Protein chains: 2
Amino acid sequence: MQRVTIKDIARLAGVSVTTVSRALNHGPEISPETRERILRICREEGYRTNLLARSLISSRTNVLGLILPDIANPFHAALSFNIETYARELGYQVMLCSGRPGDGQIESLIDFLIGQRVDGILLSSANDQARYLLRRYRDVLPAVLLGACVPEASGIRANAVSTDNFVGGRIAAEYFHRLGHRDVVYLGLRRGSVTHTLRHGGFLAAARELDMQVTTVENPGPASSISSGYQMARRLFASPLTQTALFAASDAVALGVIQAADEAGIAIPERLSILGFDDIEYAALPNIRLSTLSRNTALMARASVRLLLELVDSDSRDEYTSKLITPTLVERATCAPPYSG
Amino acid sequence: MQRVTIKDIARLAGVSVTTVSRALNHGPEISPETRERILRICREEGYRTNLLARSLISSRTNVLGLILPDIANPFHAALSFNIETYARELGYQVMLCSGRPGDGQIESLIDFLIGQRVDGILLSSANDQARYLLRRYRDVLPAVLLGACVPEASGIRANAVSTDNFVGGRIAAEYFHRLGHRDVVYLGLRRGSVTHTLRHGGFLAAARELDMQVTTVENPGPASSISSGYQMARRLFASPLTQTALFAASDAVALGVIQAADEAGIAIPERLSILGFDDIEYAALPNIRLSTLSRNTALMARASVRLLLELVDSDSRDEYTSKLITPTLVERATCAPPYSG
DNA sequence: CTGTTAGCGCCTTCAA
DNA sequence: TTGAAGGCGCTAACAG
């Protein structure tokens, strides 16, 4: 494959490599004519700066690493789209890696990204390992946690941008209570996930205060997907249902629940209210109209990229910033007062 | 930030950099003891090979570029997930870039990726520019077109893996005909898109052969999204509807159409049959049950990565491979014989 | 305004 | 089995 280097250009233009470099980069310390001539030759020869070599010197790649558990999840897809768009506006490119906690997948991805000398990392796949990961990589490169808020109580400090999952859980419980529900279920708790633990915790806390009874269905699998929601709901619906409302760990899970309810002949929202979390695009579809808690991916994307770049530039490891974004309730058609007949 | 180099390790271990390099890479030309000692020190010091420097020498990065128009589109999300997974199995990392044709966005992304010295490119954002792009980058780096099949008739040769959109269009028309529809619409044609042109072309060709009447609604926007589908359908439904079936350019568009139909009080499939294209996950939802043409993203991902890596390794630019994957009809609930009452 | 020199971190001959 | 020297492509002093 063609490999025109700065040296070739220099030879062709009858100048030194330094001059070519200057024509390509810094400003005025070069005569306009030679500059133009050199640039013309570059164009003709199809020269393209080897960014690897440049980064080797500058020790900056202008690349950000983004680690997500599952790009096929619409929430993550939207998030990554916004992150990439915003990063590019700021002159950064994003290297996207999918990986879930467990098996050291995350570690090896981080190691790879460090090897690639990315300027920083956005990490969305965090779970309980987070504390371990954070300590391990703390001095190696800037990182901001995405979505998974690290509880202050845990004594861990981290840079993070996240939905306030705990408050989100509270909001859900309060909403159910306001509608009149007293016996409810939280479906899709994944033990390893900080996000889920908080969401569940907030739900539980508010429910307790409001004297509601909560049944928790755990998700043994690694992902919150439609099919996992479907599986869990099927099992739940196998025995007689005493609860009147269900809070799903995510919209994807909620969609699976809807499917299972449909098959089991459980009317929504008459017999069972369903509330999701995320507000993915499909939640708004006319035949779905899923009530849910929305988090603003655009906002999260901007906040996290900005925070990360501040870290990259400042190089200070002594402050930690944690931005919490409160989710907002989106009322659509899947929640209603309990059926009393 | 910490920057342990091979030189530091060498000093610490009391050996030369060459020895460290050997301990890290090639096989047996080093005594097991020194090797172990060196590796231990590397671990202790948190050494991580600078992949940039290595690539500078090897002129191989083991990174593939992937250019997609819109990762928020579920089809692309699924595709990119599969591509990334498969590439990683083969020891490659994927650098994902979103960009649409127009404004030279694609060119600048390709230029960037060349600058990063990716080993090859998967390009899904192709349109009519394809022929221009292909010629321009032909000798610079291996590329395979994804999804957008370049018509043989055009005289362009390219490596490509794509859904057979023309046949897909035919299948749609034939299916409509079999159900009894004679007056149908194709909604969402984007002129600049090879994919859409072919899909539309196949639909039109078969319809003509079968004596069906086709109304084409063009999409003036840059993307096939739910909202664009909604917009187009709204306009279409504003005047009295004579057609009995509608083929949407993609599932996302179809979902928008469903929304508009819902609002306009048009019953599906009784009054209007709707057929999509892609078979995204959400098409299967119980409340959607969209009939559609499915393309296997896993299959496409594997085929395209494999093809690209063959090109990378062989370095031969004289053969072109074009793999066409026939879509399959998935009958769900949005298509039926025309209402005759 | 332009060229020379040195070196970023690593790998690869070639000697020892 | 190990080390020294050179260079991948580029940039950043420092001279001229």
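The values are calculated or read from the model by the stated rules, or taken from the named source; none is laboratory data. The model shown is predicted, which means the values in this text are computed figures rather than measured ones. All Cβ positions, glycine included, derive from the backbone under ideal geometry; neighbour counts span all protein chains shown.
Listed by first and then second residue, the pairs linking a residue in the range A:301-324 that is assigned by TED's automatic domain parsing to the domain that holds A:Ala158 and surrounded by fewer than 16 Cβ atoms within 10 Å (Cβ to Cβ) to a residue that is part of a helix (DSSP H, G or I) and modelled with pLDDT of 90 or more, with Cβ atoms under 7 Å apart and 6 or more places separating them unless they lie on different chains, are A:Thr321/A:Leu307.
So which residues in the range A:234-260 are crowded, with 24+ Cβ neighbours inside 10 Å and either within 20 Å of A:Gly180 (Cβ to Cβ) or touching a strand residue (DSSP E or B) at 6+ places or on another chain (Cβ under 7 Å) (or both), if there are any at all?
Quick first cut of the range A:234-260, residues crowded, with 24+ Cβ neighbours inside 10 Å only: A:245-258.
Scanning the range A:234-260 gives A:Ala245, A:Leu246, A:Phe247, A:Ala248, A:Ala249, A:Ser250, A:Asp251, A:Val253, A:Ala254, A:Val257, A:Ile258.
As for the range A:268-283, it holds no residue that is without any contact (Cβ under 8 Å) to a residue 24 or more places away in the chain and within 14 Å of another protein chain (Cβ to nearest Cβ).
Identify all residues within the range B:76-101 that are assigned to a loop (DSSP other than H, G, I, E, B) and under 17 Å from B:Leu145 (Cα atoms); write none if there are none. Residues satisfying the conditions are B:Gly99, B:Arg100, B:Pro101. Against the criterion of being among the hydrophobic types (A, V, I, L, M, F, W, C), under 19 Å from the mean Cα position of the chain (by Cα) and at pLDDT 95 or above, A:Leu189 qualifies.
When we screen B:Ser80, B:Ser16 for residues that are within 16 Å of DNA strand D (Cβ to nearest atom) and either under 18 Å from the mean Cα position of the chain (by Cα) or among the hydroxyl-bearing types (Ser, Thr, Tyr) (or both), the only hit is B:Ser16.
Residues in the range B:42-62 that are surrounded by fewer than 14 Cβ atoms within 10 Å (Cβ to Cβ) and free of Cβ contacts under 8 Å to residues at least 24 places away in the same chain: 4 in all. The C-beta contact set for the range B:150-178 (first residue in a helix (DSSP H, G or I), second residue at pLDDT 90 or above and among the aromatic types (Phe, Trp, Tyr), distance under 6 angstrom, 6+ apart or interchain) comprises B:Gly169/B:Phe203; B:Ala172/B:Phe203; B:Ala172/B:Phe247; B:Ala173/B:Phe203. Checked against (1) surrounded by 19 or more Cβ atoms within 10 Å (Cβ to Cβ); (2) at pLDDT below 90; (3) touching a Lys or Arg at 6+ places or on another chain (Cβ under 7 Å), B:Ser291 meets all criteria but (2). Scanning the range B:19-51 for residues that are of a type in the set (A, V, I, L, M) and near DNA strand D (Cβ under 7 Å from one of its atoms) gives a single hit, B:Ile30.
State which residue is nearest to the other protein chains (Cβ to nearest Cβ) when the search covers only the range A:12-30 and only residues that are surrounded by 14 or more Cβ atoms within 10 Å (Cβ to Cβ) and more than 7 Å from DNA strand C (Cβ to nearest atom).
If we take residues in the range A:12-30 being surrounded by 14 or more Cβ atoms within 10 Å (Cβ to Cβ) and more than 7 Å from DNA strand C (Cβ to nearest atom), then A:Leu24 is nearest to the other protein chains (Cβ to nearest Cβ).
Give the residue that is nearest to the chain's Cα centre (by Cα), with candidates limited to residues of the range B:31-62 that are more than 11 Å from DNA strand C (Cβ to nearest atom) and farther than 26 Å from A:Asp139 by Cβ. For the range B:31-62, the residue satisfying everything is B:Asn62.
When every residue of the range A:75-92 is checked against the conditions, none turns out to be more than 10 Å from chain B (Cβ to nearest Cβ) and among the basic types (Lys, Arg).
For B:Glu331, the criteria (1) loosely packed, with under 14 Cβ neighbours inside 10 Å; (2) among the charged types (D, E, K, R); (3) closer than 13 Å to B:Val161 by Cα hold in every case but one, which is (3).
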